[in-house]
Every structure is written in structure tokens, then in C-alpha cells.
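Report on one structure; see the data block that follows.
Read-outs throughout are calculated quantities, based only on the coordinates presented, and are distinct from any laboratory measurement. None of the values given here were measured: they were computed from a predicted structure. Note: ideal-geometry Cβ built from the backbone for every residue, glycine included; neighbour counts use all protein chains shown.
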Amino acid sequence: MSLKDTLFSNPYEAVGAFQFDESVVAVFPDMISRSVPGYQTILTGIGELTPLFAQPNSQIYDLGCSLGAVTLTIRRKLNNLPCQIIAVDNSPSMIQRAQDYCAAFHSETPVQFVLDDIANIKIENASIVVLNFTLQFIEPEKRQALLKAIYAGLNPGGVLILSEKIHFPDPPIQQAIEHLHLQFKRANGYSELEISQKRASLDNVLISDSREQHLDRLEKAGFGHAEVWLQAYNFVSFLAIKNESVPRETTP
């Protein structure tokens, strides 16, 4: 059972960099539901998209799987379609807890849990790849290469679902939407101290991009179709679809 997130409720002389360690794992479901507007709707949407894009005898990747919420959601919606889910995270605590959660629910769909950096994972024969609030923790200079590798490993007609916290280039818009997010956290019981200290902890750990940067990267990676399918304040989920067939090269 998840505990209430009180990790930043006491004042610290110095706030360390945010890590997905055992203390975060213990409160993670409460933390994400109280911090990320639209999170449950994103999970629901991923589930509804699963039967639309899952291909028989393909692989489905949950990159940065944390406690396995996406993996469980997808597995429930596969309706016995023969697929394998590969769930990857670089946090030993997350992987162990995700394995325990998935083991509690019977399914014919095999799940392979992998403890590793997602950059080391070779994507192949994939019909669905999910990066649910994962890319924002990858070094910015490595993000394009990761998306290109995902695109290369997707089957024609395969899909990438990418959820991220974003920022807005227009300062008045950024200020207004950041205010809405802060009010969301306050309404969910976080104090000013908790909000301030968590923000300091995430500084230089979670590095956000704009909507335009994400769409530009997806286009450069090769995706012929990419757009926002859900936005809640400064949290966005993108749907990127690989063309059904490879366009013929044109001669100059």
C-alpha cells in the first residue's frame, strides 16, 4: 500500500538532487497523483489506445516503467493478443516493486522487467513504446538519439506515446500556467515548504522542453504523424505514429 508523500514536509538546510530511491518508491503513487494533473486520464488513454495499435506477436516497451502502472494498464487491455511487454527502469527499488505489483494480477501476457538505462535497450519488433514522464529526466543532448532508436525499432503503424512536463516560451503564459499547477498541488494538500523544497530537488534533474521542441524532435526522428492528444496545464501527452509503409525515395 502506498504511503502519503511527506518527503519534503520538514525543512532541510540543503535539499539534495531528486532520486528514485526507496523513499520515493514508497510514496510514489501518492506523489504522482497529487503532483501531475491528468495523470489518471493519461493512463486510461494509454489503455484505450492499446488495442488500436498493438500488433500480434510484437513487443511493447514501457521505458521508465517506475511501479508498472503503464505496464499493468496495457496488459489489461491486450485482450489475450500475443505480445510481450518489456518494462525498463534504472531504479532497483522501482523494478522490484513493479515486479511485485504485476505478480499480484494474473495475465497470460509475459512481462520482462529489465534493470538498465533505457538508452541501452535495443528496441525491436515494437508496436507500442511508452515514455511516460521519462524523457524529461534524460540529458537533453541524448533525447534525439533515443527517439530515433525508438522509431527505428517500431514496426510500420507502430506508435510512441510520450508524456512530459513542458514549459511555454511566452513568459506571461508560462507564469499563468505555472500558477495553475501550483494551485493544483496546494489543493492536493502540499504546503509551501513542500512545494519549494521539491522544486529545488528537481532543479537540473527534470529539464523540460516546449511543445514545439518535442514535435520538432519527433519529426526529425522520422514520425510522419505526431500531435498532442492530452494536455492538463503544463503536462502533455503526445501520440506519434510511424507510417504504415516506407515512402519511396524520390530522385532529384
message: Beyond 22 Å, how much of the Cα-Cα pair distribution for the chain remains, as a whole percent?
response: 56
- request: Could you tell me the distance between the Cα centroids of the stretch 117-153 and the stretch 95-110, to the nearest Å?
  value: 23
- prompt: If you keep only loop residues by DSSP, which GluC sites (Glu not before Pro) in the stretch 106-157 have at most 15 other Cβ atoms within 10 Å of their Cβ?
  reply: 108, 124
- request: Among 55, 184, 208, flag the residue with its Cα farthest along the positive direction of the charge dipole of the chain, charges on Cβ as +1 for Lys/Arg and -1 for Asp/Glu.
  value: 55
task: Calculate, in nm to one decimal, what residue 84 and residue 44 gain on full extension: separation in residues at 0.36 nm each, minus their alpha carbon distance.
output: 12.4 nm
query: Using alpha-carbon pairs under 8 Å, 6+ residues apart, how would you state the relative contact order of the chain in percent?
result: 22
- prompt: For a paramagnetic label modelled at 7 Å from the Cα of residue 195 toward its Cβ, which residues of the stretch 148-188 fall within the zone defined by backbone nitrogen distances under 13 Å?
  reply: 176-188
- line: Taking trypsin sites (Lys or Arg not before Pro) in a DSSP loop with at most 15 other Cβ atoms within 10 angstrom as exposed, one finds the longest site-free stretch of the chain at 123-247
message: I want to check the label-to-label distance for residue 145 and residue 212. Put each point 7 Å from Cα in the C-beta direction and report it in nm to one decimal.
response: 2.7
Subset of 142/242; 4/185; 148/220; 122/148; 148/242 violating a 18 Å alpha-carbon distance limit: 142/242
field: Extension gain, residue 188 back to residue 30 (0.36 nm per residue minus Cα-Cα distance, nm)
entry: 55.9 nm
Range in the chain, longest, excluding exposed chymotrypsin sites (Phe, Trp or Tyr not before Pro) [loop by DSSP; at most 15 other beta-carbon atoms within 10 Å]: 106-252
